[in-house]
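As structure tokens, the structure follows; a few thoughts come after it.
The values are calculated or read from the model by the stated rules, or taken from the named source; none is laboratory data. Note that the structure is predicted; figures quoted are calculated from it, not measured. The accessibility values were calculated without ligands, DNA or RNA, using every heavy atom of the protein model including side chains. Shrake-Rupley method; radii C 1.70, N 1.55, O 1.52, S 1.80 Å.
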Amino acid sequence: MDTEIQDVLDIYHAMIETEHNSPRELPPGGRDGGQDQRLRAVGPETGQFINILARSLKAPTILELGTSFGYSGIWLAEAARASGGRLITMEMHDYKSAYARDMAVRAGLAEYVEFKVGDAVQMIGALSSGIDFVLVDLWKDLYVPCLEAFYPKLNPGAIIVADNMLRPGGDDLKRYGEAVRAKPGISSVLLPVGSGLEVSQFD
């Protein structure tokens, strides 16, 4: 990692530490109310892991579902730059996407990232085929609908990483695990990295 990127990651890591030491509260207006300030970052272990996976691909089109405030996007954008690829990152709230964009600029990675704001399932539907890597890390009840949307657009050899499979886990994550393993051509394994990652590959 170069100095610009490391400086940005250090800012995020300080934010993650503060968040871990603060009580969790539902934001005003609920999850879709546009007031959520929690980072909900994948953490450095998962960040490094997805960076390594995405770097292993040649000129990949990387899709991130759930930009949040942009932490995992820094890891993925660095991988896109290193491998000659690009990152498309999707977020429901424009204020989160705008913060992520500012941090990508600060890290010197913005030119490798396309920021999209809106409904993830609809935006996936509007993408052309040719996706090589997917990070699934948005509201858990959207995991399966997003899978159904991006699965037909995967390139052979595409890698899918779904976060939070062990923590918090739950019925939505269980349904996703079952759904992705039932897809033709998919090989999948659950790894105890970070909060639990379902790592899948399309033949």
What translational diffusion coefficient, to the nearest whole µm²/s, does the chain have by Stokes-Einstein, given a Kirkwood radius computed over alpha-carbon pairs, a temperature of 4 °C and 1.567 mPa s viscosity? 77 µm²/s
Along principal axes, largest first, the alpha-carbon spread of the range 122-203 in whole Å comes out as 32, 25, 20
Separation of alpha-carbon centers, the range 91-116 and the range 131-166, rounded to whole Å: 20 Å
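Full-extension gain between GLU178 and GLU4, please, as 0.36 nm times their residue separation minus the C-alpha to C-alpha distance.
Details: separation 174, 0.36 × 174 = 62.64 nm, distance 4.01 nm.
The GLU178-GLU4 span can extend by a further 58.6 nm.
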List the lysines whose Cα lies under 26 Å from the Cα of LYS116, skipping any in the same chain that are fewer than 8 positions away. LYS58, LYS96, LYS140, LYS153
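Share of the chain's accessible area from carbon and sulfur, percent, 1.4 Å? If you can, show how the numbers build up before the last one.
Details: 4770 of 9360 Å².
Of all accessible area on the chain, carbon and sulfur atoms account for 51 percent.
Keeping all protein chains in place and using 1.4 angstrom, which order do ASP2, ASP94 fall into by accessible surface area, from largest down? Kindly include the intermediate steps, with their values, before the conclusion.
Working: ASP2 55, ASP94 105 Å².
The ordering from most to least exposed comes out as ASP94, ASP2.
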